[in-house]
Amino acid sequence: MIEYKSPEISKKARAMMERDEKSMFGAHTRTREIPLVVDHAEGARVTDVDGKTYLDFGAGFAVVGTGHCHPDVINAVNDQMKKLIHISGSDFYYMPQIEVAEKLIQITPGDFEKRVYLGNSGAEAVEASLKIARYFTGRPRMISFLGAFHGRTFAGMTMSGSKKVQRAHLSALIPEVYHIPFPYCYRCVFAQKYPDCIKQDYRGVPLIHCLSYLTDVIFERLIAPDDVSLIMVEPIQGEGGYITPPKEFLPALRKIADDHGITLIFDEIQSGMGRTGRWFACDHVDVAPDIILVAKAIASGLPMSATIGKASLMDPEVDSRAWRPGVHGSTFGGNPVICAAAHATLKIIETKLIDNAHKVGAVLKKGLNEMMSRHKIIGEVRGLGLMLGIELVRDRGKKEFFPPAVTRDGKNIKEVITGECFKRGLIVYGAGISSLRMSPPLMITVDDATTAVKILDEVIGLVEEQLK
Ligand SMILES: Cc1ncc(COP(=O)(O)O)c(C=O)c1O
């Protein structure tokens, strides 16, 4: 919780923090790590109420991919506001909704007919996808991963395996969800070593140990795979710590799903929309899911999500097992103003930002990797494009799992680092057990990347001295 009475915080900022604390729901707001009281933002810069400007390497949790307040998005929203703000996309036709759906069909992986459901938040896309797969297969059981984050609704929370605080005292959750370990190779729960952990399955498909645990243990001892409706996975775990699985992971998961008629769902809510230097993280290994979920960066900060799936799963005209009209819907889903923002966003990402994420991401990753030679508390640097994670440990030479590295006064070092970066004008967030995530707007420059590395280098050096 932020100590807003600290003398370092201005009177103006403190007054707002006090009002916020007295009015806002703390379960939602009191996990804040830095005392940032925002006035306005543009591009990759955020200015606080005292006029201090920060370089934003968080992008509002990977949402403002196009940068804050992109002029093309503002113009698209303004134009649409004058024409139609709301009528309800479930009951009437209008062009912005159709255009966005068509574009999403075009850019998402999979050379098959698709359908799109537009919702308002990531968790809503997760909910929709579970309903689609459960309805279609008629099977009750679901597979998810430890470390996953899929949102805060009952289904999202049940599918997540991120932090116990998100689930405690809220049982009963949705039944029949089984969590298996995600390939977090740096801290492997099976104490295996990649790539030594790979074995071939009976067809010669390379199977990393985590997945042979699914096929050889879970599917043999606990659940029959033909009782399983879906496997939900983040191609790169976001909240879990920007954990990037080995390249064998998604292709093998695809084969397992195909073998058993299981719907494979990729939650690309954080990793999608150009962040990794391709439209989607799964594009890097050429694997198409049956359903893909997007949200966050899709409308440059306006609330929107999309569930894009095979037409056979979503349209009873294509397959009679798909859900009927009326099974699902949303009042605001596909709102014309937000669709206009999304359409403008998709255009900016396609024409400018995917390449930039790739190019500047490489510079940033190189800079972070070079820091490793100076700092033993960096365990590894991982990720793709501008979705980069830094694993923080006490000493890279001596791997430890729990507890996370702490300073002499008992603070998790990821929190100390984010706090010190903030004081030096850089916004970064922690993630997972003990990681930092770099998720800047996709329009940052090479100079921005260099500035961020310089600040991090100084801060990490400082924190290294304070270790217990
Ligand atoms: C991978 C992933 N899925 C789902 C969600 C939930 O999205 P929302 O907060 O918009 O409901 C998030 C949010 O952080 C996420 O990162």
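Structure above, values below:
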| read-out | value |
| --- | --- |
| Qualifying position, being of a type in the set (Gly, Ala, Ser), more than 16 Å from the ligand (Cβ to nearest atom) and under 22 Å from Ala59 (Cα atoms), among Gly241, Gly272, Gly277 | Gly277 |
| Count of residues meeting criterion [part of a helix (DSSP H, G or I), surrounded by 14 or more Cβ atoms within 10 Å (Cβ to Cβ) and away from the ligand (no atom under 16 Å from the Cβ)] in region 55-76 | 3 |
| Residues being more than 13 Å from the ligand (Cβ to nearest atom) and part of a loop (DSSP other than H, G, I, E, B) - total across region 104-122 | 6 |
| Residue list for region 290-330, restricted to those being charged (D, E, K, R), away from the ligand (no atom under 16 Å from the Cβ) and not in a loop (DSSP other than H, G, I, E, B) | Lys310 |
| Options Asp91, Asp79, Asp20, Asp50: the member that is part of a helix (DSSP H, G or I) and surrounded by fewer than 13 Cβ atoms within 10 Å (Cβ to Cβ) | Asp79 |
| Conditions (1) within 16 Å of the ligand (Cβ to nearest atom); (2) within 15 Å of Met443 (Cα to Cα): number failed by Ala125 | (2) |
| From the options Gly389, Gly361, residue that is within 16 Å of the ligand (Cβ to nearest atom), over 29 Å from Glu113 (Cβ atoms) and at pLDDT 95 or above | Gly389 |
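Residues are listed down the side, and each one gets a yes or a no for (1) touching a residue at least 40 places away in the same chain (Cβ under 8 Å); (2) loosely packed, with under 14 Cβ neighbours inside 10 Å; (3) assigned to a strand (DSSP E or B):
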site: Arg152; (1), (2), (3): no, no, no
site: Gly156; (1), (2), (3): no, no, no
site: Ser162; (1), (2), (3): yes, no, no
site: Val165; (1), (2), (3): no, yes, no
site: Ser171; (1), (2), (3): no, yes, no
site: Tyr194; (1), (2), (3): yes, no, no
site: Ile218; (1), (2), (3): yes, no, no
site: Ile231; (1), (2), (3): yes, no, yes
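The values are calculated or read from the model by the stated rules, or taken from the named source; none is laboratory data. Given the structure is predicted, the values throughout are model-derived calculations rather than measurements. Cβ: placed from backbone, ideal geometry, glycine included. Neighbour counts: every protein chain shown.
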